[in-house]
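Peer 1: Got a structure for you, questions after.
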Amino acid sequence: MSNAIEKVDCLIIGSGPAGYTAAIYAARAALKPVMYTGMQPGGQLTITTEVENYPGYPKGIQGPEMMEDFKAQAERFGTDIRFGYASKVDFSGTIHKVWIDETTEVHANTVIIATGASAKWLGLHSEERLNGFGVSACAVCDGFFFKGQDVAIVGAGDTAAEEATYLAKLCKKVYMIVRRGEMRASKAMRQRVLNTPNIEVLFDSETKEILGEKSVDGALIYNNKTKQERKLDVTGFFVAIGHQPNTAIFKDWLEMDESGYIKTIPGTSKTKIKGVFAVGDAQDKVYRQAVTAAGSGCMGALDAERYLAEAGIH
Ligand code: NDP
C-alpha cells in the first residue's frame, strides 16, 4: 500500500478537552495544527451527562455540548480537524512519524499526545459477547434503552456511584455490585447511592457470568463473604470500574508508569523525546478532570511553540 506523506509543524492526536485546548493555543500561535480526533471525537465527555464543575458554565452543561463548544473554538482559529486514528508512531528522528488509519503518514515537527483514557472491562467472555446487547460501559449513553427495567452496575468509584444514581432515575431497580465491603466513591456520592431507594448495593460481590443468549437476561453474582451465588434478573449490565490510558502505540518510545500513563518532565508537558508532548488523561492518573486536561493541553501547545521557536522551525 502506498502511503500519502504529509508534513506538519504541529500534530495533535486526540480530541478531548486536552486536545482541543492544545489546538486553540497552537492555532492562535499560527502553528497550523492538524488534529486527528481518534475513534471517539470529543473523548470521554461525549459519554457523560451534566458537567457542573467546569468553570464558565454556571448552570452546568451537557458533556457532548461542551465538546462541541471546544471544537468550534478550535476551528475558529483554523485548526484542521480530521477523523482518523493514529495506529503507529516512529519517534526515532527529529521528524516524528505518525501513521493514521495505516494509510496516511504524517511527518511532524511536534506531536501533542492527547489520546486520553478508555473504560476498563471485567474481562469475562460473556461480557464481550453481549457487549452492545445489554452490556455497556456508559450508563449515560445506553441507560435510556433500559427504561423501567432492572439493571446492574459494577464498580464502586465516583463514576459507578454517579451512573447508578443516573440509572435509578430511569430504571425500576439498580443493583450495584461492589467487590469489597465498602465503596471507594466520595462520601457525598456514597450517601446519594445509599439514600436512593431503588438502588440495592451488593457488597463483597463479584460477577461470575453475565447471562443471556442474544441479549442480557441476568447476571450471576458471587458473595465472597457468605459464599452464596445469586442470580439477578437484569436486562442491562453496566461496567464502571475505571479507565486505562490510550497509550499503547507509544510504549516503545516513551517512558510510562506501570499503568501506561506517559511520564512527563514535572511541571511541563515534555516527554523524554524532544518535540513530543503528552497532555490530559494520557499522562494524568491523579486529577483526570476536564479542566485539568484543558490546562495541560494549553501547556502542550505552549511547550510545542517554544520548541519550534528554539529549533528555528517556526
Ligand atoms: P476509580 O478507579 O476511582 O474506581 C474504580 C472502581 O472500580 C473501584 O471501586 C474498584 O474497586 C472497582 N473495580 C476495579 N476493577 C474491578 C473489577 N475487576 N471488578 C469489580 N470492581 C472493580 O474509577 P472511577 O472511574 O470511578 O473514577 C476515576 C476518577 O474520576 C476518580 O478520581 C474519581 O474520583 C473521579 N470522578 C469524579 C467524579 C466527580 O467528581 N463528579 C465523577 C466520576 C469520576 P476497589 O475500590 O475495590 O478498588
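The values are calculated or read from the model by the stated rules, or taken from the named source; none is laboratory data. Because the structure is predicted, anything quoted here is derived from the model rather than measured. Here Cβ is always computed from backbone atoms with ideal geometry, including for glycine, and neighbour counts include all displayed protein chains. Surface areas here come from the heavy atoms of the whole protein model, side chains and all, with no ligands, DNA or RNA. Shrake-Rupley method; radii C 1.70, N 1.55, O 1.52, S 1.80 Å.
Peer 1: Of all residues in segment 238-265, count the ones that are assigned to a strand (DSSP E or B) and within 15 Å of the ligand (Cβ to nearest atom).
Peer 2: Summing the residues that are assigned to a strand (DSSP E or B) and within 15 Å of the ligand (Cβ to nearest atom) in segment 238-265 gives 5.
Peer 1: Among the residues of segment 148-167 satisfying the criterion of being more than 17 Å from Trp121 (Cβ to Cβ) and in a loop (DSSP other than H, G, I, E, B), which is most open to solvent (accessible area, probe 1.4 Å)?
Peer 2: Checked segment 148-167; the qualifying residue most open to solvent (accessible area, probe 1.4 Å) is Gln149.
Peer 1: Check segment 96-111 and report whether any residue there is within 16 Å of the ligand (Cβ to nearest atom), crowded, with 20+ Cβ neighbours inside 10 Å and either modelled with pLDDT under 95 or farther than 30 Å from Ile210 by Cα (or both). Even if it seems obvious, please write down each step before you answer.
Peer 2: Taking segment 96-111 first, the residues within 16 Å of the ligand (Cβ to nearest atom) are none.
Checked against the condition, which is being within 16 Å of the ligand (Cβ to nearest atom), crowded, with 20+ Cβ neighbours inside 10 Å and either modelled with pLDDT under 95 or farther than 30 Å from Ile210 by Cα (or both), segment 96-111 yields no hits at all.
Peer 1: Hey, another quick one. Checking Phe145 against (1) within 11 Å of the ligand (Cβ to nearest atom); (2) under 24 Å from the mean Cα position of the chain (by Cα); (3) open to solvent by 50 Å² or more (accessible area, probe 1.4 Å), which test does it fail?
Peer 2: (1)
Peer 1: Let me ask something additional. Taking the options Val174, Val151, name whichever one is closer than 17 Å to Ile221 by Cβ, touching a Phe, Trp or Tyr at 6+ places or on another chain (Cβ under 7 Å), modelled with pLDDT of 95 or more and more than 12 Å from the ligand (Cβ to nearest atom).
Peer 2: After ruling out the rest, the residue left standing is Val151.
Peer 1: If Arg129 satisfies every condition in (1) basic (Lys, Arg); (2) within 14 Å of the ligand (Cβ to nearest atom); (3) touching a strand residue (DSSP E or B) at 6+ places or on another chain (Cβ under 9 Å) but one, which is the exception?
Peer 2: Failed condition: (2).
Peer 1: Scan segment 259-270 residue by residue and report those that are open to solvent by 10 Å² or more (accessible area, probe 1.4 Å), of a type outside the set (D, E, K, R) and more than 18 Å from the chain's Cα centre (by Cα).
Peer 2: Scanning segment 259-270 gives Thr264, Ile265, Pro266, Gly267, Thr268.
Peer 1: Moving on. Has segment 114-130 got any residue that is more than 22 Å from the chain's Cα centre (by Cα), closer than 22 Å to Lys173 by Cβ and in contact (Cβ under 8 Å) with a residue 24 or more places away in the chain?
Peer 2: Checked against the condition, which is being more than 22 Å from the chain's Cα centre (by Cα), closer than 22 Å to Lys173 by Cβ and in contact (Cβ under 8 Å) with a residue 24 or more places away in the chain, segment 114-130 yields at least one hit.
Peer 1: Restricting attention to segment 201-228, report how many residues are acidic (Asp, Glu) and either more than 14 Å from the ligand (Cβ to nearest atom) or out of contact with any Lys or Arg (no Cβ under 6 Å at 6 or more places or on another chain) (or both).
Peer 2: Filtering segment 201-228 for residues acidic (Asp, Glu) gives 204, 206, 209, 213, 217.
If we keep only those that are either more than 14 Å from the ligand (Cβ to nearest atom) or out of contact with any Lys or Arg (no Cβ under 6 Å at 6 or more places or on another chain) (or both) too, we end up with 209, 213, 217.
Looking only at that region, the number is 3.
Peer 1: Could you tell me whether Gly93 is within 16 Å of the ligand (Cβ to nearest atom), surrounded by fewer than 16 Cβ atoms within 10 Å (Cβ to Cβ) and at pLDDT 95 or above? Don't jump to the end; show me each part of the working.
Peer 2: Details: within 16 Å of the ligand (Cβ to nearest atom): no; surrounded by fewer than 16 Cβ atoms within 10 Å (Cβ to Cβ): yes; at pLDDT 95 or above: yes.
It is false that Gly93 is within 16 Å of the ligand (Cβ to nearest atom), surrounded by fewer than 16 Cβ atoms within 10 Å (Cβ to Cβ) and at pLDDT 95 or above.
Peer 1: Please identify the pairs in which a residue from segment 274-287 that is open to solvent by less than 20 Å² (accessible area, probe 1.4 Å) has its Cβ atom under 6 Å from the Cβ atom of a residue that is within 13 Å of the ligand (Cβ to nearest atom) and assigned to a helix (DSSP H, G or I), counting only partners at least 6 apart or on another chain.
Peer 2: What qualifies is Gly280/Ala293.
Peer 1: Before we move on, is Ala185 in a loop (DSSP other than H, G, I, E, B) and farther than 11 Å from Phe237 by Cα?
Peer 2: yes
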